[in-house]
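The values are calculated or read from the model by the stated rules, or taken from the named source; none is laboratory data. Owing to the predicted nature of the structure, the values given are computational and were not obtained by experimental measurement. Heads up, the Cβs are rebuilt from the backbone with ideal geometry, glycines too, and the neighbour counts pull from every protein chain shown.
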Protein chains: 2
Amino acid sequence: MVVVKPSIPWKNLTQRSLLKNFSPEDRYWMKEALKWALLGEGLTSPNPAVGAVLVKDGTLIGRGYHRKAGQAHAEIEAIEDAKKRGETVAGSTLYVTLEPCSSWGKTPPCTERIVKEKISRVVAGSPDPNPRNKPRAVELLPSLGIDFSWEILEEALFLNRGFYHRILTGKPWVIGKIAMAIDGSLSAGVGEERWISGIAARTMAHRLRMIADAILIGAQTARADNPRLTIRLVDPKGKIQPWRVIVSRSGNLPGDLFLFTDAFKERTLLFVKMPWERVLGELGSRDVGILLVEGGAEVLHQLIKEGWIQEVSFFLSPLIIGKQPLEDSSTDASFLSMPLELVNPSWQKFDEDMYCHGLLEKGARFLERVRVEYAQ
Amino acid sequence: MVVVKPSIPWKNLTQRSLLKNFSPEDRYWMKEALKWALLGEGLTSPNPAVGAVLVKDGTLIGRGYHRKAGQAHAEIEAIEDAKKRGETVAGSTLYVTLEPCSSWGKTPPCTERIVKEKISRVVAGSPDPNPRNKPRAVELLPSLGIDFSWEILEEALFLNRGFYHRILTGKPWVIGKIAMAIDGSLSAGVGEERWISGIAARTMAHRLRMIADAILIGAQTARADNPRLTIRLVDPKGKIQPWRVIVSRSGNLPGDLFLFTDAFKERTLLFVKMPWERVLGELGSRDVGILLVEGGAEVLHQLIKEGWIQEVSFFLSPLIIGKQPLEDSSTDASFLSMPLELVNPSWQKFDEDMYCHGLLEKGARFLERVRVEYAQ
C-alpha cells in the first residue's frame, strides 16, 4: 500500500472527480493508479506524471509510474513489474491515469506494447492532448480489438495542469503565491531576513517549488530580498532546480545576487522590458509547464489584472505588521471590474499559519475545456 | 446536560486553564459551572457573567447563572434551584465561576446567604475586583469558618474580560474586527451592499455583537456603508442593542443615516474630534465593558498604533477584489516598531471563509495581571 499525498490538497476536487458510470471496481483501481502517478509529481517535466496498475481477476499484478523524461512510461513499468512477479499480463486490464501514447518519443509507443502483451482492456483517467499522437489511443486501441474506456479524473487533469496548459496554449500554467500577515502586510522588513510564515508554511512553499518548472520574481524583490529560489526545505528527489526568472523594466540588477552567482546560475533567466505575453511564451518554449510567481506584489498585481494567473496560493500569518497601512479602501477604485472568487477554495493550517489555495475561474475553465474537448 | 458554546473558540486557552492543584472532581464541577455562566454571556453587563453549581456527595443538587443585571446572582439561583428540588443545601460545596460578592448592590451580598445556608465549602473560578467588596469573599468566608479555595479558570477571566477591564482601567476591552479578502482588500464596493463574507461568517460577526456593549465605527464607514450595527443574524435573547458609536473629525454626517433614524436611535453616540483616550473613558463611564470596533481601516489603524486594542477578529474570504492594490511594501516603513503577534491565535472555518481570532499582547498581559494580582 502506497501512502502518497499530493502537493496541493484535493478535497474538493475529489468529491466531484468521478463520473457516475465508473464502476466501483474501476474507481478503486484508478485511484490506486493515481497514487502511483503522484510519486512522479514535479519530476517528469516536460512529460506528464502518470501512474498505471495492471489488474487480473480482481488482483493487482503490476504497478508503475513515469519517473523522469526519457525513462519508461508508466504502462511499461507496470508490465515489467508484473513480469518480474511472474504474472501473466495477457488478458489483464490496464488502468492508466493518462491515455497511452501512440507515437515514438524517447521511447516506443505504449499502444504497440499493449497490443503485443495482449492486454484485453484499457481504462484511462485523462486524455493526452499531444498532437504527435496520431491516431490517438482512444481511436487506435478499439480498432485493434482492445476494449478501451475512460473516465476523466479531475485529480489527473489537475496533476498535469502544467503539461496540458503548455501543450494547448504554448504558455505555462501560472500559480501566484504570496505570504501575507492578516493585516495585509506583505513583508516584515527590508533585508531583515524576517519571515512572515513559520517553518511549516515555508516547507509547504517549497513543496510548491517542487512542482514548478520555473519560479518568477520582479526585479524589486530580487534587489530587496536577494532570494535563492531553490528547493531546500524538502528533498528535491533528483529534480533539476526550477528556472529562476527575473523580470525587470531597467535590467539594472546587482551582479552579486545569489541568482547570478550561486551553483545554479545557469538556471537564471533575466527578461528585460518584455510584455507578459512574451515572457510566458518564452517560458513555454523552454518547456515550462508550471510557473510559480513568488512576487513582488506589483508583479502579481499585473498578472492578475491581465488574466495570466490560473491558480493562487496564499499563506496567511496571525501577525499585525502595519506595513500595509490599512487605508480606507471604500473610495478606491478596484483594478478589477469584478471580484475574482476562488474556485474550490481550500484552507489548510500549518502550525499557526493558514494556507489558502484555489483556482481562479481562468484555470478552472481551462481544465473543464480539456475534460470536455479531449475526452468525448 | 447543558450544551453551550462560547462565542469565541477557547481551544488554546482551555489547554492551559487549569492549575495543577485542582482535583479532577473540582475541575469537573467548575467546568460544569462555566457552562452555566456561558448562558449569560453578553447579557449581564455591567455585571459579569457567572455560573454556579451546588454539589453534595458527588452529585449536583442545584445550578444557576446570572441572567441579567438586577436579577439574582448565580449563587442564589443555584441555592433556589436546590431547594426547589427538595435538596438540603447545608453541608454542600458551591462551585462558582467568580468570587461571590460581599457587598450590597441591587441584591444582598452572596456571602451572607452562603453563611446562612451553611454551605461548607466554596470554590471560586476567578476573582471579583470590584472595589466595593470590602472585605472580599476570599478573606471574609474563611474568617467565618467556610472552606474557601479557588483556581483561576482562564475561560472565566476571558468570559468577563470586558468587566475586568472596565473595573480596573475605567476603559472598555477593545476587539478590532475586520472582514478582508485574501488580497487584503477591505470592501467589495461603495454602496453596493456587497458583502465580502458569506452568511456563516456574518452570523459569527453578529455573535461578536452579542458580547459587545458598544460597536464603534469611523465617520467614513458610516457615510459609505450606512450600517445599522444591530444584532440581527442571531437571537438577541432580550439583550438591549449595543451602543452604536461614531467617531468623526468634522461631525458632518448625513442626518438620514440609519444610526440616527432607526428604532434604536437613542443608542447612538457621536464623538467629534475627541482623542481616543477620552472616547474610551467616556464609554467606560457608560459601563461599556466590551467595545467592538468594526472599522473603517483608518480607525483600526489608529487604535492599533496607539495600543488600545486587546483582541482581534479577522474574517478572511477567498476572493481577489483588487481594491488594495497589493503595492510593493518592501520599501514602506511600518507604523509599528515591531510586528504584533497574535497570542493563542485560532483559525476557524465558516463555510468558505476563515476566521482568525487572537489576543494582542496587551490583552493577554492584562488577563495575566488579573490572575496574578487578584488571586493570591
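Filtered by the rule that a residue be surrounded by fewer than 23 Cβ atoms within 10 Å (Cβ to Cβ), under 13 Å from A:PRO172 (Cβ atoms) and within 14 Å of another protein chain (Cβ to nearest Cβ), region A:268-308 gives A:LEU303, A:TRP308.
Looking across region A:53-66 at every residue that is touching a helix residue (DSSP H, G or I) at 6+ places or on another chain (Cβ under 8 Å) and part of a loop (DSSP other than H, G, I, E, B), the one that is nearest to A:ALA37 (Cα to Cα) is identified as A:HIS66. Among the residues making up region A:347-369, those that are under 18 Å from the mean Cα position of the chain (by Cα), crowded, with 20+ Cβ neighbours inside 10 Å and either within 11 Å of chain B (Cβ to nearest Cβ) or at positive phi (or both) are A:TYR355, A:CYS356, A:HIS357, A:GLY358, A:LEU359, A:LEU360. Looking only at residues in region A:116-125 that are out of contact with any Phe, Trp or Tyr (no Cβ under 8 Å at 6 or more places or on another chain) and under 17 Å from A:TYR95 (Cβ atoms), the one that is surrounded by the fewest Cβ atoms within 10 Å (Cβ to Cβ) is A:LYS118.
Could you count how many residues in region A:223-248 are within 14 Å of chain B (Cβ to nearest Cβ) and modelled with pLDDT under 95? Final tally of qualifying residues: 5. Per this entry, A:THR107 is counted among residues that are in contact (Cβ under 8 Å) with a residue 12 or more places away in the chain, part of a loop (DSSP other than H, G, I, E, B) and hydroxyl-bearing (Ser, Thr, Tyr). Looking across region A:47-92, just one residue is in contact (Cβ under 8 Å) with a residue 60 or more places away in the chain and small (Gly, Ala, Ser), and that is A:ALA49. If you check A:GLU87, A:GLU75 for being assigned to a helix (DSSP H, G or I), over 30 Å from B:ILE320 (Cβ atoms), of a type outside the set (S, T, N, Q) and over 16 Å from the mean Cα position of the chain (by Cα), only one passes: A:GLU75. Among residues of region A:313-339 being more than 7 Å from chain B (Cβ to nearest Cβ) and at pLDDT 70 or above, the one that is nearest to A:GLY198 (Cα to Cα) is A:SER317. Restricted to region A:78-115, and to residues that are surrounded by fewer than 21 Cβ atoms within 10 Å (Cβ to Cβ) and hydrophobic (A, V, I, L, M, F, W, C), which residue is farthest from A:VAL53 (Cα to Cα)? The extreme case among them is A:TRP104.
All of (1) in contact (Cβ under 8 Å) with a residue 40 or more places away in the chain; (2) outside any helix (DSSP H, G or I); (3) in contact with a strand residue (DSSP E or B) (Cβ under 9 Å, 6 or more places away or on another chain) hold for A:THR230 with one exception: (1).
Yes or no, residue by residue, for (1) farther than 14 Å from B:VAL122 by Cα; (2) surrounded by fewer than 20 Cβ atoms within 10 Å (Cβ to Cβ); (3) not aliphatic (A, V, I, L, M):
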| position | (1), (2), (3) |
| --- | --- |
| B:PRO46 | yes, yes, yes |
| B:ALA49 | yes, no, no |
| B:LYS68 | yes, yes, yes |
| B:ILE76 | no, no, no |
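When B:GLU277 is tested against (1) over 24 Å from B:MET210 (Cβ atoms); (2) out of contact with any Asp or Glu (no Cβ under 7 Å at 6 or more places or on another chain); (3) at pLDDT below 90, exactly one condition is not met: (3).
Applying the condition of being hydrophobic (A, V, I, L, M, F, W, C) and within 14 Å of chain B (Cβ to nearest Cβ) to region A:213-222 and asking which residue is surrounded by the fewest Cβ atoms within 10 Å (Cβ to Cβ) yields A:ALA219.
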